[in-house]
Amino acid sequence: SYSFCTLLTFDIKMGRGRRGKAKQAKNDNWKYKTIDKTCVLLDKYYAQQKEVIKEGEWEQILETFKKPLLTTFRVSTSCEKTAAETVAKIRKIQSDMKESGLPDHQILEEVMWFPGEGRCWQVDLSKKEMSRDIPAARPLYDFLLSATESGRISRQEVVSMIPPLFMDVQPHHMVLDTCAAPGSKTAQLMESMAAQGTDITGCVIANDMDSKRCDVLVKQTQRQRELYPNMIVTNHNAGLFPMISIPDPENPTQLIRKQFDRILCDVVCSGDGTFRKSLDLWGRWTPAFGTSTHKPQCQSTSRPAPRT
């Protein structure tokens with residue numbers, strides 16, 4: 001049974017009225033203002049890591065930190081017909097961008113190594129550039145908003161798409177995603193289950209210890225309406241995640257311990273590699289970000305290990 005966990009099936013309550021609009025305007029202003037991308041503590045800390053970083057490498061890493069992230073997204077495959085229509089729409093947007101005379105790096109391009117034709121895309125444009133500064137990119141911005149809300153695409157960094165590709169998830173597997181929020185990899189795992197074209201008898205348990213992040217997780221995965229019945233969201237400390245017992249098929253009055261077929265553990269981040277998307281880190285990062293997360297990182301990875 002799953003009585004040990006908290007099953008979350010609620011919707012996020014969005015801000016309404018004047019307060020909600022004022023809060024949104026404040027967030028937009030923060031996103032678009034110029035950020036001082038310097039951090040004395042960061043430079044000082046990594047200058048001492050000579051055993052890890054070779055001479056001259058830190059300057060290259062720092063320059064990468066200061067570059068904005070590419071806008072990347074993945075086409076949902078939960079419905080093949082819808083996916084084909086979505087890919088066709090994306091190719092039309094790409095063609096229009098080429099005809100508009102935009103430079104090559106500002107034109108939508110396919111990520112060729114990702115499995116499936118037309119399933120992963122990226123462009124070197126920020127939200128501000130697409131929505132305000134470059135009129136030829138506005139159709140892409142409008143598409144991203146509508147397609148994300150309807151579940152046709154998943155806004156996801158390319159590096160985040162890699163781990164599920166190596167897990168070979170099958171329709172009968174019982175999968176645990178220990179630190180699942182915001183849910184992009186969870187959705188990818190669910191789609192992998194459905195990719196075989198057979199009935200899904202397995203289940204994805206998407207867990208996160210932060211109840212507020214579970215709100216986001218539920219909203220993200222509910223967009224995959226066809227696959228939602230095969231997922232459970234739990235709010236639990238991954239380092240203390242309990243064993244699962246289910247009724248014995250041969251003797252339903254008895255319980256047997258169920259092992260997970262696959263476990264994805266994307267542990268809480270120390271923040272060092274997220275400067276490109278979390279711009280506020282430049283003004284508040286300290287080495288304590290890493291030391292404070294070391295213990296929960298170890299707990300999250302060691303606890304599920306005996307069940308793999």
Does the range 133-155 hold any residues that are touching a residue at least 40 places away in the same chain (Cβ under 8 Å) and surrounded by fewer than 19 Cβ atoms within 10 Å (Cβ to Cβ), and which are they?
-> Ala136, Pro139, Thr148, Glu149, Ser150, Arg155
Could you list, in sequence order, all residues of the range 90-115 that are open to solvent by 40 Å² or more (accessible area, probe 1.4 Å) and within 23 Å of the chain's Cα centre (by Cα)?
-> Glu109, Met112, Trp113, Pro115
Pairs with Cβ under 8 Å, 6+ apart, first in the range 216-235 and of a type in the set (Asp, Glu), second buried (at least 19 other Cβ atoms within 10 Å of the Cβ) and in a helix (DSSP H, G or I) | Glu226/Ala194
Are there any pairs, at least 6 apart or on different chains, whose C-beta atoms fall under 6 Å, with the first in the range 276-296 and within 23 Å of Lys66 (Cβ to Cβ) and the second open to solvent by 60 Å² or more (accessible area, probe 1.4 Å) and assigned to a helix (DSSP H, G or I), and if so, which?
-> Thr286/Leu41; Pro287/Tyr45
Checked the range 252-274 for anything of a type in the set (S, T, N, Q) and either closer than 25 Å to Ser300 by Cβ or open to solvent by less than 60 Å² (accessible area, probe 1.4 Å) (or both); matches are Gln259, Ser270, Thr274
Out of curiosity, is Lys128 within 22 Å of the chain's Cα centre (by Cα), of a type outside the set (Phe, Trp, Tyr) and either in a strand (DSSP E or B) or more than 13 Å from Gln188 (Cα to Cα) (or both)?
-> yes
Only residues that are open to solvent by 30 Å² or more (accessible area, probe 1.4 Å), of a type in the set (Ser, Thr, Tyr) and either in contact with a helix residue (DSSP H, G or I) (Cβ under 6 Å, 6 or more places away or on another chain) or part of a loop (DSSP other than H, G, I, E, B) (or both): list them for the range 275-300, please.
-> Ser278, Thr286
Kindly indicate the residue of the range 32-87 that is in contact with a Phe, Trp or Tyr (Cβ under 6 Å, 6 or more places away or on another chain) and assigned to a helix (DSSP H, G or I) and also nearest to Gly183 (Cα to Cα) among those meeting that condition.
-> Phe65
Hits in the range 223-245 (condition: part of a helix (DSSP H, G or I) and either buried (at least 19 other Cβ atoms within 10 Å of the Cβ) or among the charged types (D, E, K, R) (or both)) = Ala238
Check on Thr34, of a type in the set (S, T, N, Q), over 24 Å from the mean Cα position of the chain (by Cα) and modelled with pLDDT under 85 | yes
In the range 72-89, how many residues are under 21 Å from Ser126 (Cα atoms) and open to solvent by less than 60 Å² (accessible area, probe 1.4 Å)?
-> 4
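So that you can scan it fast, the table gives a plain yes or no per residue for (1) part of a strand (DSSP E or B); (2) modelled with pLDDT of 90 or more; (3) open to solvent by less than 10 Å² (accessible area, probe 1.4 Å):
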site	(1), (2), (3)
Asp168	no, yes, no
Ala180	no, yes, yes
Leu189	no, yes, yes
Thr198	no, no, no
Thr201	no, no, no
Ile205	yes, yes, yes
Lys212	no, yes, no
Asp215	no, yes, no
Lys219	no, no, no
Could you give me the residue pairs with C-beta distances under 6 Å whose first residue belongs to the range 179-208 and is under 23 Å from Gln299 (Cα atoms) and touching a residue at least 12 places away in the same chain (Cβ under 8 Å), whose second residue is charged (D, E, K, R) and surrounded by fewer than 21 Cβ atoms within 10 Å (Cβ to Cβ) wherever it lies, and which are 6+ apart or on separate chains?
-> Cys179/Asp266; Ala181/Arg213
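The values are calculated or read from the model by the stated rules, or taken from the named source; none is laboratory data. Note that the structure is predicted; figures quoted are calculated from it, not measured. So basically every Cβ, Gly included, is an ideal-geometry build from the backbone, and we count neighbours across all protein chains shown. Keep in mind that these areas ignore ligands, DNA and RNA; they rest on the heavy atoms of the full protein, side chains included. Shrake-Rupley method; radii C 1.70, N 1.55, O 1.52, S 1.80 Å.
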